[in-house]
């Protein structure tokens with residue numbers, strides 16, 4: 001007589017089923033959030049002309065959005081700590097939809113700016129919750145896989161969300177593009193309410209005590225990851241925020257081809273994400289350094305390919321692949337570095353660092369665009385990418401020495 005290995009009678013514990021439905025709901029919410037954040041980057045010329053302001057001012061909409069996240073997310077998370085994480089996620093996604101709808105009908109730049117502040121308030125809370133929420137749904141050995149599924153929504157935003165929004169904005173106007181996205185966000189809030197299971201946060205007394213948290217031995221490694229991701233994002237968004245005018249004015253593509261190239265970048269990012277979840281799932285550190293080095297080389301090649309369109313497109317694709325690997329690898333590194341008792345706090349600081357990078361980067365790009373010109377932006381990206389890589393490498397060496 002034989003007995004199945006999975007039978008409860010033999011007392012063998014079974015691995016809980018991977019929560020695909022819940023994580024896909026989080027991924028859908030991530031798709032909508034990132035699409036809303038980055039929509040202005042593909043519609044800079046149209047929005048600039050419609051509102052009668054410069055392209056750098058439209059680029060600053062991304063900065064305002066990000067700085068709102070930086071300045072408010074930690075406080076809002078603190079004041080809502082007794083609230084159900086599930087309910088809070090639904091509310092902030094709905095607020096994102098409302099702010100996007102208001103942006104679609106804003107009659108002038110100042111009111112559009114106000115809607116971006118409202119969206120930033122919700123966006124910061126969303127990103128402070130989503131990574132830790134995904135981690136709470138799975139055991140530690142599945143965190144990298146769970147984060148990859150969740151972050152896939154952000155990658156899909158670059159693959160489909162921003163390019164399709166750009167194409168829709170070119171065809172029918174940026175306001176209609178914002179309106180369509182607003183409707184999708186409201187539907188997304190309903191999807192999360194319906195499909196995402198609630199979680200019980202594991203917050204020990206030590207995690208709630210600030211002094212104890214500061215003494216946690218994982219605080220140092222977490223801080224290094226947060227500093228590094230801020231540097232990476234400053235470099236990336238100082239350039240990518242202004243990628244539309246760069247591709248048109250410097251590379252020389254036709255405006256009608258912009259949405260196609262943004263789609264190419266997004267597809268490349270999806271390939272990078274696939275590599276993260278497969279080839280580099282157990283080699284996160286090596287994959288992270290490879291992605292940083294590859295992105296620096298690709299952006300350098302893009303800067304040097306002016307006048308040679310095939311070379312520029314290849315470099316743009318390679319850059320997208322490398323950058324698609326960075327967010328999941330950085331967040332996986334953070335969640336592995338952080339002890340369980342400070343995981344939520346670490347994720348909140350990571351969100352602050354990430355959005356600090358976005359805000360500072362897009363503001364730095366605006367300053368350089370007005371004073372120096374588009375040509376300097378890729379080199380800022382390369383320099384800051386090297387700095388971030390050296391910071392991470394130094395921390396890894398010190399960690400190995402301490403372990404030895």
I'd like to know if the stretch 374-389 contains one or more residues that are touching a residue at least 40 places away in the same chain (Cβ under 8 Å) and over 21 Å from residue 322 (Cα atoms). yes
Any residue at all in the stretch 358-371 that's in contact with a helix residue (DSSP H, G or I) (Cβ under 7 Å, 6 or more places away or on another chain), more than 25 Å from residue 303 (Cα to Cα) and modelled with pLDDT under 85? no
Tally of residues being in a helix (DSSP H, G or I) and within 20 Å of the chain's Cα centre (by Cα) across the stretch 218-257: 21
List the helices (runs of 4 or more DSSP H) inside the stretch 116-208, counting only whole elements, that have at least 3 residues being at pLDDT below 80. 143-156, 205-208
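Given 390, 377, 329, which one is assigned to a helix (DSSP H, G or I) and surrounded by fewer than 24 Cβ atoms within 10 Å (Cβ to Cβ)?
Checking each option against the conditions leaves just 390.
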In this structure, does residue 266 turn out to be at pLDDT below 85 and within 16 Å of residue 38 (Cβ to Cβ)? yes
Given (1) crowded, with 24+ Cβ neighbours inside 10 Å; (2) under 27 Å from residue 400 (Cβ atoms), residue 341 misses just (1)
Against the condition assigned to a helix (DSSP H, G or I) and without any contact (Cβ under 8 Å) to a residue 40 or more places away in the chain, how does residue 260 come out, does it pass? no
If residue 115 passes every condition in (1) within 22 Å of residue 355 (Cβ to Cβ); (2) within 19 Å of the chain's Cα centre (by Cα) but one, which one does it miss? (2)
Of everything in the stretch 281-310, what is exposed (fewer than 15 other Cβ atoms within 10 Å of the Cβ), at pLDDT below 90 and closer than 25 Å to residue 392 by Cα? Give them in sequence order. 282, 283, 286
Identify, from the list 100, 2, the residue that is at pLDDT 90 or above and either assigned to a loop (DSSP other than H, G, I, E, B) or over 17 Å from the mean Cα position of the chain (by Cα) (or both). 100
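The values are calculated or read from the model by the stated rules, or taken from the named source; none is laboratory data. What you see is a predicted model, and the numbers here were worked out from it, not measured in a lab. Neighbour counts are summed over all protein chains in view; Cβ atoms, including those assigned to glycine, are modelled from backbone coordinates with ideal geometry.
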